[in-house]
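The values are calculated or read from the model by the stated rules, or taken from the named source; none is laboratory data. Everything numeric in this text was worked out from a predicted model, so none of it was measured. Note that we place each Cβ from the backbone using ideal geometry, even for glycine, and neighbour counts take in every protein chain shown. These area figures cover heavy atoms from the full protein model, side chains too; ligands, DNA and RNA do not enter into them. Shrake-Rupley method; radii C 1.70, N 1.55, O 1.52, S 1.80 Å.
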Amino acid sequence: MNKPKACIIGAGSSGITTARMLQKNHFDFDWYEMSDNLGGNWYYKNPNGMSSCYQSLHIDTSRDLLAFDDFPLPDDGPDYLHHRDIYEYLNQYVDHCQLRQQIQFNTEVVKATLTNGTTKGAIKDKLWKIELADSTIHYYDLLFVCNGHHWSPRWPTPAFSGQFDGVELHSHDYLTPFEPYDMRDKNVLVVGVGNSAMDIASELSQRSITKKLMVSTRRGVYIFPKYVMGKPADKFAALSPGWLPGRVQRFFMDLAAPFLVGQMENFGLPKPDFKPSQCHATVSGEFLLRAGSGDIKIKPTIDTLDGQKIRFEDGSTENVDVIIYATGYNIKFPFFEDDFIKVEDNQLPLFKRVFVPEYNNLFFIGLAQVLPALMPFPRAQLKLVEAYLNGKYALPSIKNMHAITLFDQERYSGHFYKAARHTMQVDGTKYAFELKTELKQGAMRAMENNYELSFPNQAAEYEQSLSDSEKISGGVN
Ligand SMILES: Cc1cc2nc3c(=O)[nH]c(=O)nc-3n(C[C@H](O)[C@H](O)[C@H](O)COP(=O)(O)OP(=O)(O)OC[C@H]3O[C@@H](n4cnc5c(N)ncnc54)[C@H](O)[C@@H]3O)c2cc1C
Ligand SMILES: NC(=O)c1ccc[n+]([C@@H]2O[C@H](COP(=O)([O-])OP(=O)(O)OC[C@H]3O[C@@H](n4cnc5c(N)ncnc54)[C@H](OP(=O)(O)O)[C@@H]3O)[C@@H](O)[C@H]2O)c1
């Protein structure tokens with residue numbers, strides 16, 4: 001029997017982890033990357049405009065959590081790598097695995113559609129029809145979506161009332177205090193208190209740079225340190241055993257947090273009206289020091305924009321030259337038809353954050369907001385996919401997948417306050433732990449049903465059967 005042929009969209013860390021799994025399992029695959037090199041977000045000034053790196057960015061995932069199992073990071077590096085080091089590491093890994101020649105660079109996937117099943121010859125499966133920017137069309141049995149979800153800026157919606165006459169940027173476009181706009185000696189307002197806001201505000205608040213640096217927040221925040229007892233803080237988070245019930249884990253986190261973060265009100269921040277475990281972690285070793293030193297002034301949410309004067313909810317006003325919206329990112333799949341995958345309110349429920357229950361040959365990798373870290377998460381997801389592709393794991397029924405997805409969503413994110421950034425939260429440690437049970441259950445299902453591969457494996461054969469003109473215009477729909 002043929003092995004199915006796969007397509008990977010994207011060569012960021014999720015695409016790389018996917019390609020490695022397919023390579024190890026001897027699957028045939030084509031791998032498309034729209035930029036001129038791999039690395040995605042970690043390719044600073046990526047010519048495709050999709051990197052959200054700023055020059056000073058250090059990852060807040062510590063080195064041991066970050067490294068690929070089969071390619072350790074050099075021992076002499078820092079705990080928290082600079083974005084350039086991550087970019088180099090990803091490049092070295094791809095070369096080490098001899099995967100580079102598999103990537104088709106400067107090749108954007110512009111359209112991905114699932115065919116209806118064909119009438120041509122013996123081909124009956126629903127294949128993936130992939131259209132590239134050069135208008136060529138290719139067919140695949142399996143599609144891996146690894147296009148990232150931190151590249152499409154989310155601007156405040158609805159926009160703040162009034163008209164602002166200064167410069168408005170999104171954190172996605174921020175590079176340095178001088179690029180894309182020179183902020184020396186300016187009054188700058190950063191909106192938001194996520195990790196982008198922490199880094200950018202801390203950097204700009206240096207007295208030698210801006211005249212005045214303000215941060216506007218619509219609610220409180222807990223700002224966790226990067227180090228606890230001299231060790232990277234995420235090492236402690238990763239210690240929480242996966243078997244510990246979520247509510248117990250949260251109880252301990254809420255108990256420990258005040259000792260780690262102190263009283264946010266002491267720094268001029270509003271008192272949070274939620275518990276520390278109810279928000280995606282904000283981490284910074286600098287922000288509180290800068291706020292405590294008077295270099296960052298905390299403001300409430302914006303009420304109205306009036307020329308360069310901004311009125312805040314508490315009635316105070318400030319003259320502002322630049323607003324930086326560090327307000328997060330949208331989930332987007334420009335290559336899917338609008339009615340195929342609907343992302344509503346930044347939500348895309350997925351079974352085990354991988355599968356759309358109705359489609360047996362589509363996999364989303366890295367599409368989650370993971371604590372303690374997103375980058376290692378695809379490894380866990382791909383263990384499930386690997387077993388599935390090798391016939392060692394059968395999916396539950398579509399109805400059960402929907403039910404389990406709802407249940408998981410409530411368990412993983414039900415306790416977070418409602419916000420666009422909390423729609424796909426996952427506890428990575430718990431996910432990896434529960435995967436073992438899921439794999440066993442899937443193996444049982446596979447045996448019970450005398451499992452046969454449930455996804456197509458005819459794309460290569462089909463593409464070969466097409467005439468030259470069909471290869472350009474496309475065969476089936
Ligand atoms: C400022 C910032 C800091 C972060 N810090 C951390 C951190 O500390 N720890 C952590 O774990 N995560 C962090 N992240 C999350 C970050 O998204 C992940 O670390 C990682 O980059 C995700 O990899 P990815 O492959 O899923 O997506 P990306 O890195 O975005 O890669 C997607 C790739 O797909 C390509 N692509 C997209 N569309 C197409 C198309 N149509 N055709 C062909 N190619 C396409 C892109 O060119 C890109 O190369 C951070 C994110 C930001 C914005
Ligand atoms: N050093 C690092 O490693 C690093 C640096 C930057 C980013 N990251 C990661 O990158 C991802 C994105 O982070 P991010 O900080 O860019 O985005 P984010 O986590 O989505 O945070 C967005 C912030 O903006 C606020 N906000 C959104 N819409 C708003 C509005 N209309 N008005 C006022 N405030 C609004 C949010 O408040 P609400 O909570 O109220 O919605 C939140 O405080 C995260 O996974 C993060 O961990 C990591």
Query raised in the report: What do you reckon, is residue 79 at pLDDT below 95 and under 21 Å from residue 370 (Cα atoms)?
Result: yes
Query raised in the report: Taking region 341-367 as the search range and keeping residues that are open to solvent by less than 10 Å² (accessible area, probe 1.4 Å) and in a strand (DSSP E or B), which one is farthest from residue 20 (Cα to Cα)?
Result: 351
Report task. For residue 246, indicate whether it is out of contact with any Gly (no Cβ under 6 Å at 6 or more places or on another chain) and under 19 Å from residue 418 (Cα atoms). Result -> yes
Report task. Considering (1) modelled with pLDDT under 95; (2) within 25 Å of residue 360 (Cβ to Cβ); (3) buried (at least 19 other Cβ atoms within 10 Å of the Cβ), say which one residue 61 fails and leave the rest. Result -> (2)
Requested in this report: Pull up region 138-167, narrow it to residues that are away from ligand 1 (no atom under 16 Å from the Cβ) and among the β-branched types (Val, Ile, Thr), then point me to the one that is farthest from residue 375 (Cα to Cα).
Outcome: 167
Requested in this report: Test residue 193 against the stated conditions and say whether it is open to solvent by 10 Å² or more (accessible area, probe 1.4 Å) and touching a residue at least 40 places away in the same chain (Cβ under 8 Å).
Outcome: yes
Query raised in the report: Does region 196-216 hold any residues that are touching a residue at least 60 places away in the same chain (Cβ under 8 Å), open to solvent by 10 Å² or more (accessible area, probe 1.4 Å) and in contact with a helix residue (DSSP H, G or I) (Cβ under 8 Å, 6 or more places away or on another chain), and which are they?
Result: 196
Query raised in the report: Quick one: is residue 77 within 20 Å of residue 376 (Cα to Cα) and either among the basic types (Lys, Arg) or crowded, with 19+ Cβ neighbours inside 10 Å (or both)?
Result: no
Query raised in the report: Would you pick out the residues in region 397-408 that are open to solvent by 30 Å² or more (accessible area, probe 1.4 Å) and outside any loop (DSSP other than H, G, I, E, B)?
Result: 398, 399, 400, 402, 403, 404, 406, 407
Report summary line: Taking region 96-124 and keeping residues under 16 Å from residue 11 (Cα atoms) and either within 16 Å of ligand 1 (Cβ to nearest atom) or at pLDDT below 90 (or both) leaves 97, 99, 100, 102, 103, 104, 105, 106, 107, 108, 109, 110
Query raised in the report: Which condition breaks for residue 254 when tested against (1) within 16 Å of ligand 2 (Cβ to nearest atom); (2) in contact with a Pro (Cβ under 8 Å, 6 or more places away or on another chain)?
Result: (1)
Query raised in the report: Quick check, is residue 250 open to solvent by 60 Å² or more (accessible area, probe 1.4 Å) and touching a residue at least 60 places away in the same chain (Cβ under 8 Å)?
Result: yes
Report task. Would you point out the residue of region 80-98, among those that are in a loop (DSSP other than H, G, I, E, B) and either open to solvent by less than 80 Å² (accessible area, probe 1.4 Å) or within 11 Å of ligand 2 (Cβ to nearest atom) (or both), that is farthest from residue 19 (Cα to Cα)? Result -> 80
Report summary line: Within region 368-381, restricting to residues that are hydrophobic (A, V, I, L, M, F, W, C) and either assigned to a loop (DSSP other than H, G, I, E, B) or within 16 Å of ligand 2 (Cβ to nearest atom) (or both), the one that is surrounded by the most Cβ atoms within 10 Å (Cβ to Cβ) is 377
**Report entry** Residue in region 3-52 that is least open to solvent (accessible area, probe 1.4 Å), counting only those that are assigned to a helix (DSSP H, G or I), within 6 Å of ligand 1 (Cβ to nearest atom) and small (Gly, Ala, Ser)
**Finding:** 15
Report summary line: All conditions in (1) open to solvent by 40 Å² or more (accessible area, probe 1.4 Å); (2) closer than 22 Å to residue 360 by Cβ; (3) touching a strand residue (DSSP E or B) at 6+ places or on another chain (Cβ under 9 Å) are true of residue 411 except (2)
Query raised in the report: If you take the residues of region 418-435 that are open to solvent by 40 Å² or more (accessible area, probe 1.4 Å) and closer than 14 Å to residue 241 by Cα, which of them is nearest to ligand 2 (Cβ to nearest atom)?
Result: 432
Query raised in the report: Does residue 101 qualify as being in a helix (DSSP H, G or I), open to solvent by 20 Å² or more (accessible area, probe 1.4 Å) and in contact with a Leu (Cβ under 9 Å, 6 or more places away or on another chain)?
Result: no
Query - Pairs, first farther than 17 Å from residue 375 by Cα and at pLDDT 90 or above in region 217-244, second open to solvent by 50 Å² or more (accessible area, probe 1.4 Å) and among the basic types (Lys, Arg), C-beta under 8 Å, six or more apart - result: 220/271
Query raised in the report: For residue 453, which of the numbered conditions (1) farther than 30 Å from residue 58 by Cβ; (2) modelled with pLDDT of 95 or more; (3) open to solvent by 50 Å² or more (accessible area, probe 1.4 Å) fails to hold?
Result: (2)
Requested in this report: Residue by residue through region 382-396, note down the ones that are open to solvent by less than 10 Å² (accessible area, probe 1.4 Å) and outside any loop (DSSP other than H, G, I, E, B).
Outcome: 382, 384, 385, 388, 389
Query raised in the report: away from ligand 2 (no atom under 13 Å from the Cβ) and not polar (S, T, N, Q) - does that describe any residue in region 50-58?
Result: yes
